[in-house]
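Some notes on the structure that comes next.
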Amino acid sequence: MTADRASAAAVAAREAALPAPASDGGLVEEARHRLLELISTGELRPGDRLGTERELALRLSVSRSTLRQVLAVLAESGIIRRVPGRAGGTFVAHGKVDRDLSVIVGLPEYLRRQGFVAGTQVLSATMTGADEVTAGHLSIPAGSLVVQIVRIRLADGTPLSLERARFPADLVPGLLDLPLGGSLYDLLERNYGVRPEEVVEHLEVAEAAADESALLGVSRGAPLLAITRTSSTAAGRPFEFSYDLFRSDRTGVTFRTSARRAEIVSREPADGPTA
């Protein structure tokens, strides 16, 4: 499924759930459907700016007061988004990426399966000493060398997540010399024979700090989905400790569980690695 088709399907589903506007019913409803048609047919694509109120009102042949009612309904439903400030405006919202925590697969594969174009910006790739939290998750002594890779993951060219991943340096010699823009799981398996057999992930909500908000294109304090992940090989050796921050306005999470009873064990609160 292409990104345009996926977006059209998402718009159709959200349109069915939209509440009917309370006032100026006929004009508002007609303008709403005309604007939704422009989006669902691809004439207006995710990320496109809708233009000024005056331009859009003329395009839809309605008054600006009627247009504001239409935009308020669509913004509340997540079909459009409003960005304040001089560089802001009203934009067609991007569809959400479904992050299935029940399947072990790299983020680029998730995006491809859902019709998004995957992209990566490598912010840094360094060798550093493991702090106590990282050392605990990787089962190595504190201070041991780890490779730290910090990246922005993109979906259709816009930021989706900020990813901080750490790997034991002795397990991945020369990793910093390899291209780091694609799937790290594919890279590790191809070059080191390392692949995840068991992955433990912990999900919580975090607020965007100043640097995180700038990198992800959200406001400071905006809610983010924070996923702490530890991956181990078939032999039981932890080889990855990651802390990923996903934009909550662009990410949905799926869990799949079986009906088997499991013993609930206590756990210490998860701490993400420091930058």
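The values are calculated or read from the model by the stated rules, or taken from the named source; none is laboratory data. Quick caveat: nothing in here was measured; it's all calculated off a predicted structure. For neighbour counting, all protein chains shown are included, and Cβ atoms are generated from backbone atoms with ideal geometry for every residue, glycine included.
Yes or no, residue by residue, for (1) more than 29 Å from residue 255 (Cα to Cα); (2) of a type in the set (A, V, I, L, M); (3) under 22 Å from the mean Cα position of the chain (by Cα):
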residue	(1), (2), (3)
133	no, yes, no
204	no, no, yes
214	yes, yes, yes
224	no, yes, yes
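Would you list the strands (runs of 3 or more DSSP E) that sit entirely within the range 141-238 and hold 2 or more residues that are on the phi < 0 side of the Ramachandran plot and among the acidic types (Asp, Glu)?
Strands (runs of 3 or more DSSP E) meeting the threshold: 198-207.
Find the residue count for the range 131-140, including only residues that are without any contact (Cβ under 8 Å) to a residue 12 or more places away in the chain and either in a strand (DSSP E or B) or buried (at least 16 other Cβ atoms within 10 Å of the Cβ) (or both).
2
Hey, could you check the range 228-242 for residues that are touching a residue at least 40 places away in the same chain (Cβ under 8 Å) and β-branched (Val, Ile, Thr) and say which is farthest from residue 192 (Cα to Cα)?
Ranking the qualifying residues of the range 228-242, first place goes to 228.
Search the range 114-130 for residues being over 20 Å from residue 241 (Cα atoms) and surrounded by 15 or more Cβ atoms within 10 Å (Cβ to Cβ), and hand back the single one that is modelled with the highest pLDDT.
This residue is 119.
Give the residues of the range 239-254 that are at pLDDT below 85 and either touching a Ser or Thr at 6+ places or on another chain (Cβ under 6 Å) or assigned to a strand (DSSP E or B) (or both), sorted by residue number.
252, 253, 254 - these are the residues of the range 239-254 that are at pLDDT below 85 and either touching a Ser or Thr at 6+ places or on another chain (Cβ under 6 Å) or assigned to a strand (DSSP E or B) (or both).
Residues to consider are 251, 228, 257; find the one that is closer than 25 Å to residue 175 by Cα and among the β-branched types (Val, Ile, Thr).
Answer to the check: 228.
Are any residues in the range 34-63 part of a helix (DSSP H, G or I) and either of a type in the set (Val, Ile, Thr) or surrounded by 14 or more Cβ atoms within 10 Å (Cβ to Cβ) (or both), and if so, which ones?
The answer is 34, 35, 36, 38, 39, 40, 53, 56, 57, 59, 60.
Let's see how each residue does on (1) at positive phi; (2) modelled with pLDDT under 80; (3) of a type in the set (Gly, Ala, Ser):
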| site | (1), (2), (3) |
| --- | --- |
| 7 | no, yes, yes |
| 20 | no, yes, yes |
| 25 | no, yes, yes |
| 56 | no, no, no |
| 68 | no, no, no |
| 93 | no, yes, yes |
| 96 | no, yes, no |
| 109 | no, yes, no |
